[in-house]
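The values are calculated or read from the model by the stated rules, or taken from the named source; none is laboratory data. Keep in mind that what you see is a predicted model, and the values were worked out from it rather than measured. Here Cβ is always computed from backbone atoms with ideal geometry, including for glycine, and neighbour counts include all displayed protein chains.
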Amino acid sequence: MVSRMILAVAVFVNITLAASSFSHPAFFMKFDLLDSLAKNGIEGEAMPSYHPADGNEDWQLEMSETITYLSGWQQGANPMTYAIRAAYLWQNGEQYHYDAGEDPPLCWAPGPAVEEGEAPSEGEFPEGEGESAEGEGELPVEGEGPTETILLPGDVPLELVRIPAGSFQMGSPETERSRDSAEGPVHTVTINYDFYLGKYEVTQEQWLAVMGVWPGTAPSSADGIGDIYPAYNISWNDAQAFIAALNTHIMTTGQGPATVRLPSEAEWEYACRAGTQTRFYFGDSLSVDDACSDDGVRSQYMWYCGNNSPKGSKPVGEKLPNAFGLHDMSGNVYEWCEDDWHGSYSGAPSNGSAWLDTPRGAYRVERGGFWQHNAQYCRSALRFSLSPNNRSGIFGFRLAR
Ligand SMILES: [Ca+2]
Ligand SMILES: [Ca+2]
């Protein structure tokens, strides 16, 4: 993976080259990036709290947001001063904050997102819900959060649920029945931004709407086939191709920032647990064995070996959701995460970001178990590693944004 610094230099060189084509004399001077940053405001215009490139308003500029915004600038749609600031913020850290007190206005500076007295008003949060990190450590409110729907080609909807910021204990304690050593050590992860996660696994209809064809073996009746069945035989690389195609579609149809991606492993487990620290999001389920037995609760929440007849994946959303309103996080098909595989959480990031090696590792992470697995492999903490090229009838994915 190209490092942030190399890309930032490339972005800056690109800005410099493109700027030299402007007719205004000021653009002919050799750019001093830091000097130009001091004047990133536009005279006479009120500054928005969030940088305009920060489409999901999470106080971070992801690479995709930055690149999208810079592309817009090169096409004349976005102000150059803002574009430079976007590149600078992205290069200089994962968070920025708004500082209205500077003169000349240095409105977006690298650093923690919300400082005392600088917090944006509640109405500036997406959809006006105003849920922020202040509820950290608390159980989420029961029931479904706000959703957003992306219209895929052919107006096929893809629904995402907003996951509120918060903290949780990632992994499983050594005392958890059936746990695996790769699920430790348990560590605190604080996700200080809201994000969206697919309400369901990406379906076969959704895959075909975006990609038109199957990357390898098409779904069959042997493993479940139909519009609302999950897409499978999907490698991690295939999922990335889908994401790139969908982001292009999002851009060309004006459906907000092109920030669809795979969830990080931490985001996935946080969303799966939905405020629980039990073995499953529906409880510990300890009254029966961890193979295919059913205590009457498991089968209401997940497709696993206890209810997989007839064999194969099942239509998404038929089982009860967790407290965030997400279906099939446990069971049905395994779900790819962005992260490289690490056999232990020692050294894992604690801010919800994906754990990536440079260069990228040989294996990625899959989560949640699948329709023929024993119950123990559908636990919230269970992790699985797989080559990013591997296509199999048990591997699908779910989108984050
Ligand atoms: Ca962002
Ligand atoms: Ca699943």
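Determine which member of the set 387, 350 is assigned by TED's automatic domain parsing to the domain that holds residue 178, surrounded by fewer than 19 Cβ atoms within 10 Å (Cβ to Cβ) and in contact with a strand residue (DSSP E or B) (Cβ under 6 Å, 6 or more places away or on another chain).
On inspection, the qualifying residue turns out to be 350.
With the requirement that a residue be buried (at least 16 other Cβ atoms within 10 Å of the Cβ), polar (S, T, N, Q) and in contact with a helix residue (DSSP H, G or I) (Cβ under 8 Å, 6 or more places away or on another chain), what does the range 284-309 give you?
Scanning the range 284-309 gives 285, 307.
Report those strands (runs of 3 or more DSSP E) wholly inside the range 160-215 carrying at least 3 residues which are more than 16 Å from ligand 2 (Cβ to nearest atom) and at pLDDT 95 or above.
In the range 160-215, 166-170, 187-191 are the strands (runs of 3 or more DSSP E) which contain 3 or more residues that are more than 16 Å from ligand 2 (Cβ to nearest atom) and at pLDDT 95 or above.
Limited to the range 189-219, what total is found for residues that are away from ligand 1 (no atom under 16 Å from the Cβ) and either among the β-branched types (Val, Ile, Thr) or outside the structural domain of residue 330 (by TED's automatic domain parsing) (or both)?
Qualifying residue count, the range 189-219: 7.
Would you check which residues across the range 226-241 are without any contact (Cβ under 8 Å) to a residue 60 or more places away in the chain and either crowded, with 22+ Cβ neighbours inside 10 Å or not assigned by TED's automatic domain parsing to the domain that holds residue 363 (or both) and list them?
Listed by number, the list is empty, since nothing qualifies.
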